[in-house]
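One structure is given here, and the rest of the page talks about it.
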Amino acid sequence: MTIVPPAVKPARPYFSSGPCAKPPGWSPEKLQTESLGRSHRAKIGKSRLQLAIDLMREVLQVPDTHRIGIVPGSDTGAIEMAMWTMLGARPVTMMAWESFGEGWVTDVNKQLKLNATVMNAPYGEIPDLSAVDFSNDVVFTWNGTTSGARVPNGDWIADDREGLTFNDATSAVFAYDMPWDKLDVTTFSWQKVLGGEGAHGVLILGPRAVERLENYTPAWPLPKVFRLMSKGALAEGIFKGETINTPSMLAVEDVIFALEWAKTVGGLQGLMARSNANAAALAKIVEARDYLGFLAADSAIRSTTSVCLTVEGADEAMIKKMASLLEAEDAAYDIAGYRDAPAGLRIWCGATVDTADIEALGPWLDWAYKKAQA
């Protein structure tokens, strides 16, 4: 029997969960290039880096009490920098419900040897938030990119906490409203919800994190790219566009484009609305099909960005087949689930994806499922 492909394809079949789809209307010709070939320490380089920081503050509505810095190594570099420079002053609680959170647990317990309390949950679930001890420093991932599970909000974080909160927010910022008064350290990378290029991370420090840096020196040596202190004081230049190492100015121009686009769609509220509309469109597709389900069964903790799906009867080989078929037809790129996650599909629903493309994806999932079964 011939399995006929659908007539309509997504106009932009970019559903990868990182790097993610570029903003609608993006093209390399639209990027400013005056800073390219110039030193990042020259006036033009510093001004463009500072503009990127200012735009992030504006779109994310980060209060003036918090510093924003551009650091090396994507989100991994940013969260590692935070943990290596600030953990060790108090007991630590590590929360993990997917592969990246598990990676931070490994680093804290095996590299820093801090013997942290670990709160785990299986893929698709999260730990009991009411059981978190906020006399400890607490490290958690807001949105589990590889599991499709997230914290529902920031209400569970104690206002009178004694420890610091370390929030890996890489697939959450720009899609959820971050409670900045509850977040002492926040990290992310541009390649997720903004569709930016990789390699650069962002570190946002609240006043309590700065106080920790100024009053605590870790027992272990720090590599140069992790050092946030200079001559006994906070290296303020990092938060004014003076990066620790040489940044890609092309990547900086790319994220400036994305942030300026974000303002045209209504800033943070507009970005969240776009992401929520995409997630709702995908939910309709899933609910209309018996063979599809959500890895995060509880909608209250289900991601609206990296949405992870179960596929009835599918093992890893079948998922790879489905993804390969869709890519060959230019109907969907990079939608196989993460290698460490249960076999399934992962569809990015962040703000840079158009809802019409999510809607067009449904019949193509049917086609790929039937073809892979055949």
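The values are calculated or read from the model by the stated rules, or taken from the named source; none is laboratory data. Keep in mind the model is a prediction, meaning the values are calculated, not measured. When we count neighbours, we look across all protein chains shown, and the Cβ atoms used for this are built from the backbone with ideal geometry, even at glycine. These accessible areas exclude ligands, DNA and RNA; they are computed on the full protein's heavy atoms, side chains included. Shrake-Rupley method; radii C 1.70, N 1.55, O 1.52, S 1.80 Å.
Among the numbered criteria (1) under 16 Å from R67 (Cβ atoms); (2) assigned to a loop (DSSP other than H, G, I, E, B); (3) in contact with a helix residue (DSSP H, G or I) (Cβ under 6 Å, 6 or more places away or on another chain); (4) not hydrophobic (A, V, I, L, M, F, W, C), which single criterion is violated by E242?
(3)
For the stretch 310-328, check the following and say yes or no: at least one residue is under 23 Å from R274 (Cα atoms) and surrounded by 20 or more Cβ atoms within 10 Å (Cβ to Cβ).
Of the stretch 310-328, the ones under 23 Å from R274 (Cα atoms) are none.
So far as the stretch 310-328 goes, no, none of its residues is under 23 Å from R274 (Cα atoms) and surrounded by 20 or more Cβ atoms within 10 Å (Cβ to Cβ).
Answer yes if at least one residue in the stretch 122-142 is aliphatic (A, V, I, L, M), over 27 Å from A297 (Cβ atoms) and either assigned to a helix (DSSP H, G or I) or at pLDDT 95 or above (or both), and no otherwise.
Restricting attention to the stretch 122-142, the residues satisfying the condition of being aliphatic (A, V, I, L, M) are 126, 129, 131-132, 138-139.
Okay, now just the ones that are also over 27 Å from A297 (Cβ atoms), so none.
No; the residues of the stretch 122-142 include none that is aliphatic (A, V, I, L, M), over 27 Å from A297 (Cβ atoms) and either assigned to a helix (DSSP H, G or I) or at pLDDT 95 or above (or both).
What's the number of the condition A11 fails, among (1) on the phi > 0 side of the Ramachandran plot; (2) more than 21 Å from the chain's Cα centre (by Cα)?
For A11, the exception is condition (1).
Pairs, please: C-beta under 8 Å, at least 6 apart or cross-chain, first residue farther than 17 Å from A121 by Cα and in contact (Cβ under 8 Å) with a residue 12 or more places away in the chain and in the stretch 78-107, second β-branched (V, I, T) and surrounded by fewer than 19 Cβ atoms within 10 Å (Cβ to Cβ)?
So the pair list comes out as M81/V225; P91/T117; V92/T117.
So D155 passes all but one of these: (1) among the acidic types (D, E); (2) touching a helix residue (DSSP H, G or I) at 6+ places or on another chain (Cβ under 9 Å); (3) in contact (Cβ under 8 Å) with a residue 40 or more places away in the chain. Which condition number does it fail?
(3)
For G103, only one of the following conditions fails: (1) under 18 Å from the mean Cα position of the chain (by Cα); (2) open to solvent by less than 10 Å² (accessible area, probe 1.4 Å); (3) of a type outside the set (V, I, T). What is its number?
Exception for G103: condition (2).
How do the pairs read when you match residues in the stretch 308-332 that are under 17 Å from I347 (Cα atoms) with residues anywhere that are open to solvent by 80 Å² or more (accessible area, probe 1.4 Å) and assigned to a loop (DSSP other than H, G, I, E, B), using Cβ under 6 Å and keeping only pairs 6 or more apart or on different chains?
From residues that are under 17 Å from I347 (Cα atoms), the pairs are A331/K9.
Out of the residues in the stretch 106-161 that are among the aromatic types (F, W, Y) and over 20 Å from the mean Cα position of the chain (by Cα), which is nearest to A341 (Cα to Cα)? Working first, answer last.
Of the residues in the stretch 106-161, the ones among the aromatic types (F, W, Y) are 123, 134, 140, 142, 156.
Of the ones still in play, those that are also over 20 Å from the mean Cα position of the chain (by Cα) are 134, 156.
Working: F134: 29, W156: 26 Å.
By that ranking, first place goes to W156.
Sort out which residues of the stretch 156-172 are open to solvent by 10 Å² or more (accessible area, probe 1.4 Å) and either over 25 Å from G350 (Cα atoms) or in contact with a His (Cβ under 7 Å, 6 or more places away or on another chain) (or both), and write them in order of number. Outline the logic, then answer.
Initially, the stretch 156-172 is screened for residues open to solvent by 10 Å² or more (accessible area, probe 1.4 Å), giving 156, 158-162, 170.
Scanning the stretch 156-172 gives A158, D159, D160, R161, E162.
How many residues does the stretch 297-309 hold that are part of a helix (DSSP H, G or I) and either open to solvent by 30 Å² or more (accessible area, probe 1.4 Å) or of a type outside the set (V, I, T) (or both)? Quick ask: steps written out before the conclusion?
Here is the first cut: in the stretch 297-309, the ones part of a helix (DSSP H, G or I) are 299-301.
After this cut, where a residue has to be either open to solvent by 30 Å² or more (accessible area, probe 1.4 Å) or of a type outside the set (V, I, T) (or both) as well, the list is 299-300.
Residues meeting the conditions: 2.
Is there a residue in the stretch 242-251 that is within 20 Å of K22 (Cα to Cα) and open to solvent by 20 Å² or more (accessible area, probe 1.4 Å)?
Checking the stretch 242-251: at least one residue is within 20 Å of K22 (Cα to Cα) and open to solvent by 20 Å² or more (accessible area, probe 1.4 Å).
Could you please let me know if T355 is crowded, with 16+ Cβ neighbours inside 10 Å, touching a helix residue (DSSP H, G or I) at 6+ places or on another chain (Cβ under 8 Å) and polar (S, T, N, Q)? Steps first, answer last, please.
Working: crowded, with 16+ Cβ neighbours inside 10 Å: yes; touching a helix residue (DSSP H, G or I) at 6+ places or on another chain (Cβ under 8 Å): yes; polar (S, T, N, Q): yes.
It is true that T355 is crowded, with 16+ Cβ neighbours inside 10 Å, touching a helix residue (DSSP H, G or I) at 6+ places or on another chain (Cβ under 8 Å) and polar (S, T, N, Q).
In the stretch 40-52, how many are open to solvent by 10 Å² or more (accessible area, probe 1.4 Å), part of a helix (DSSP H, G or I) and either touching a residue at least 24 places away in the same chain (Cβ under 8 Å) or under 27 Å from M95 (Cα atoms) (or both)?
Count: 5.
Restricting attention to the stretch 53-77, which residues are out of contact with any His (no Cβ under 9 Å at 6 or more places or on another chain) and open to solvent by less than 40 Å² (accessible area, probe 1.4 Å)?
At the first step, the residues of the stretch 53-77 found to be out of contact with any His (no Cβ under 9 Å at 6 or more places or on another chain) are 53-56, 58-69, 75-76.
Hits for the stretch 53-77 are I53, L55, M56, V59, L60, V62, H66, I68, G69, D75.
Among the residues of the stretch 82-97, is there at least one that is under 29 Å from A251 (Cβ atoms), open to solvent by 40 Å² or more (accessible area, probe 1.4 Å) and out of contact with any helix residue (DSSP H, G or I) (no Cβ under 7 Å at 6 or more places or on another chain)?
The answer is no, given that none of the residues of the stretch 82-97 is under 29 Å from A251 (Cβ atoms), open to solvent by 40 Å² or more (accessible area, probe 1.4 Å) and out of contact with any helix residue (DSSP H, G or I) (no Cβ under 7 Å at 6 or more places or on another chain).
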